[in-house]
Structures are given as C-alpha cells and as structure tokens.
1. At least 3 residues that are among the aliphatic types (A, V, I, L, M) and assigned by TED's automatic domain parsing to the domain that holds residue 22 in each: list the strands (runs of 3 or more DSSP E) lying fully within the range 97-197 that qualify.
2. Please state which one of 305, 265 is over 21 Å from residue 190 (Cα atoms), surrounded by 13 or more Cβ atoms within 10 Å (Cβ to Cβ) and either free of Cβ contacts under 8 Å to residues at least 24 places away in the same chain or acidic (Asp, Glu) (or both).
3. Can you confirm whether the range 134-157 contains a residue that is in contact with a helix residue (DSSP H, G or I) (Cβ under 6 Å, 6 or more places away or on another chain), over 30 Å from residue 104 (Cα atoms) and without any contact (Cβ under 8 Å) to a residue 60 or more places away in the chain?
4. Check the range 412-435 and report whether any residue there is surrounded by fewer than 24 Cβ atoms within 10 Å (Cβ to Cβ), without any contact (Cβ under 8 Å) to a residue 24 or more places away in the chain and not hydrophobic (A, V, I, L, M, F, W, C).
5. Given the condition assigned to a loop (DSSP other than H, G, I, E, B) and without any contact (Cβ under 8 Å) to a residue 40 or more places away in the chain, answer yes or no: does some residue in the range 211-232 qualify?
6. Of the conditions (1) of a type in the set (A, V, I, L, M); (2) in a helix (DSSP H, G or I); (3) within 19 Å of residue 220 (Cβ to Cβ), residue 248 fails just one. Which one is it?
7. So how many residues does the range 290-336 have that are closer than 18 Å to residue 264 by Cβ and part of a helix (DSSP H, G or I)?
8. Among what's in the range 156-201 and is modelled with pLDDT under 95, over 21 Å from the mean Cα position of the chain (by Cα) and aliphatic (A, V, I, L, M), pick the residue that is surrounded by the fewest Cβ atoms within 10 Å (Cβ to Cβ).
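The values are calculated or read from the model by the stated rules, or taken from the named source; none is laboratory data. Quantities reported herein were computed from a predicted structural model and do not represent experimental measurements. So basically every Cβ, Gly included, is an ideal-geometry build from the backbone, and we count neighbours across all protein chains shown.
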Amino acid sequence: MFISVLDLFKVGIGPSSSHTMGPMVAAARFLDLLRSSPFTAAGLTAHLHGSLAFTGVGHATDRAVILGLAGFEPESYEHDTAEAALLAIKAEKRVAPRGLGPLAFDPAEDLVFDRSAPLPGHANGMRLAALDGQGDVILDEVYYSIGGGFVLTEAELAQGRNTDDGAPVPYPFHSAAEMLAMCAESGKSVAELKRANELSRMDRRALDDGLARIWAVMSDCIDRGLDGHGILPGGLGVKRRAAGIHEALLAERGQNLTAPHIINDWISVYAMAVNEENAAGGQVVTAPTNGAAGVVPATIRYWLDHVPGATSARVPEFLLTAAAIGGLVKHNASISGAECGCQAEVGSASAMAAAGLAAVLGGAPEQVENAAEIALEHHLGMTCDPVKGLVQVPCIERNGLGAIKAVSAASLSLRGDGTHFVPLDAAIETMRQTGEDMSEKYKETALGGLAVNVPNC
C-alpha cells in the first residue's frame, strides 16, 4: 500500500474535495477517455447519484461538473475565468473542451440530480456519457469520488480501491503495527520511512518542492482567511468570523490579562480561517479532505507561531508523518464523510495533525502512533450533518475543535512512553465499522442531525 504525500495533500478548490474536486477530476478523466476513443461526440450528459445528488448543489457539484466538462481542473482553477466560462455555457448550452470541439451540454437538462438510489459502489457516484448527433449514447463511464479528491472508475473500484501498481517501496507498511515494527528495525522515524518510500517513486527535488508548495498554499489560505470579511455564499447567511476573532486576539496580546486557555482560540481561528476560505470556494489543500482542510494547517501554524524552538525547516517532517497516518486511515477505513461520517474527515485530520505535531516535538514513533490514536478515538461516531448541505455549519468550527484535540492528543502522548491500551489500528478499524453501521442520513446527505434540526432558511 502506497499513497503519496502529494496525493493525500492536493491543491484544489472549495468547498468539498469529494463533491467539488472529485467530480471535476472525474469530468477531466472522461474528457481524456473521449479524446482517446474512436467516437465523434456531439453532446454530453451527467447523472449524479447518492450523496452527490442530495447535497451536490450546496457543495457546488453542479458547477464542478459543468466546468470539468469544459476542461477546468482543480490544480489550475482560476475563479474569474471559471465564472465567465460558466455564464457562457449556461447561455450557449454547450462546452468546448480542448481537442474535442463544441459539444452540446445544457446544464438545466443534461445535468441530472438522481435521488432515486445511490450507485452500488460508493455513496458518491456519477455517470458521464457522450452522445452522437441523434442523442444515442456512444461512450459512458461510472466514476466514484471516494474522498479527498480521489476518483475511481467502476472497474477500478471493483479491482480494489487501494490497488497500487507502482514500483515496490522500501517500507511497505499496511498497518500502524507494521509501521512501528519497521521503525524499530530500521532505526528510522515515521517521517523517514515515508520519505524513503516517496523517493522510490520521485526524485528529491520533486518531493521537496511539492512539500514546500503544500505548506505555502496552506499558509496563504490561513492568511487570506484571517483577512476575509463578509457573508459566506449559499443562503445560510453565515458571517465570516475568523478576521474579527484574530483582530481581537492581536489586540489582547501583551496585556497579561488573558487566561491561558485563550491559546485554544488561536488554534481555532487558524482552522476557521481555512474553512471559511473553503466555504467561499477558495484555494485550499485537501488535508485529507476539503471539509477537514483546516486541522493540519492550523496545528502547524500554532506550532510555528506559538511553540518555542519551532522552525519551518521541519514542516516537511510534520507533513510526511501526517501523510503516513492519513494513508493508513484511507487504506484501512475511509476519509470520506459520505461513507463514514465526519469521523472519517475531521477525525482523520485530527489524527494526522496529532501525529505530525508529536513528531516535530520530539516524539518517538510509539508516541506519534499514540497521538494519532488518541485524536481519532475521540472523534469516533461523529456524524456528517451539514446544514443545508453546505460545508459551513458545523464544519467550520468543527475544524477548530479538531485542531485543539490534535494538540491535546500530541501533548498527552508525549507525557507517556508510547505504551497505551488501544492501538491505532483498532481505532481505525472501529471507525470503519462505525461508519458501516451509521445511518445514511448522518453521512453527508443533510437528511439528519443538525441539518434537519436547525432552521436553514
């Protein structure tokens, strides 16, 4: 099992990695399939199923599919260009992706939210089709957005979602127990194992540049969020709060009048800044998802700005450690809210952040694993119940609390020697089982929980 740090942490757009980025990626893949086919298409259709159908509008899935079929991709997305293209597509009822020419596509008719039944492979399913001049299907494909911006076709999912066809890696751990055994045998840290695996697939410069860009985008996202004002889109009327909280915290600095627990407000505001940017459709990094994008960067910013001895030179160590834990969760359970609820998103992010922080604070591999376990264990059972299907309430504040838990988990782990009662592998498996047992209405459908008990209009 190998999931690259540069795949787990991906630069993309808000508000959802599985409902915005994933569908856009799927559309791009379908265009590539069409380009390589012998068929000449005249039009396109898209059918969204399951969670994509229920909360797709709130998560901008419709926009993502329309723009994806027009040739836009998350990594190179430019907001103003996309807005202009969207208006033109709706007016002209066609898209013109590179190498395929104009194709009929009326968003009002050809993009269908099918709420009758989910596709069998995953809660986030979509079927894309190309039509000939008579309206007959000449090519179609089913795609599943499985969380964190990862997309699989129906055939790929059937073969095994975590199939890795790349070259062997030197430390192929499939569980936390295997990871710790390899650390003990090699004398390497978790980050060093992960780096060695990465360097078996890419050169050092590509890895270092990729890690530097990940943190740069994360940090810039925090800064934009701390400067952002106004009302978030979507109709709930949620006010952006991070800037005001940050201004108040800055004003209180140096007064020696604030209680020690105010540090929690600093941690929270960094996370909220990211998730307000995400809710506004800004550029974020999946960590491991958009809905949980604030936890890891908030924990890193807390460490850099508030912990003596912290240095940005060790941010790659943090990210590599976090990615090792995130890869284990994704491989053995899920990082998808539509599959396992928010325990799979904010819970996974908190475990990743806790492990990364424990590592840069000097924790041994056993303490790093313990930190991840503590953080994940205390998110077990968390539902995904976004009000009005938007990644705003309770998602924005939930990231702040996930970051606070990550810091607490790392601190607790460092108070011990790494021995503990519940292994990380057991917490991950429990999360998977809990997700399987969880009612569908609590898994990113906006059909239960806060989504139905809070007035949203």
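1. Values: elements: 111-114, 124-131, 137-147, 150-153.
It comes to 124-131, 137-147.
2. Working: 305 fails: surrounded by 13 or more Cβ atoms within 10 Å (Cβ to Cβ).
Only one candidate qualifies: 265.
3. No; the residues of the range 134-157 include none that is in contact with a helix residue (DSSP H, G or I) (Cβ under 6 Å, 6 or more places away or on another chain), over 30 Å from residue 104 (Cα atoms) and without any contact (Cβ under 8 Å) to a residue 60 or more places away in the chain.
4. Within the range 412-435 (the criterion being surrounded by fewer than 24 Cβ atoms within 10 Å (Cβ to Cβ), without any contact (Cβ under 8 Å) to a residue 24 or more places away in the chain and not hydrophobic (A, V, I, L, M, F, W, C)), the answer is yes, since at least one residue qualifies.
5. Narrowing the range 211-232 to residues assigned to a loop (DSSP other than H, G, I, E, B): 228-230, 232.
Next, from what is left, pick out any that are without any contact (Cβ under 8 Å) to a residue 40 or more places away in the chain: 229-230.
Yes, some residue in the range 211-232 is assigned to a loop (DSSP other than H, G, I, E, B) and without any contact (Cβ under 8 Å) to a residue 40 or more places away in the chain.
6. Unmet condition: (3).
7. Result for the range 290-336: 12.
8. So the residue we want is 167.
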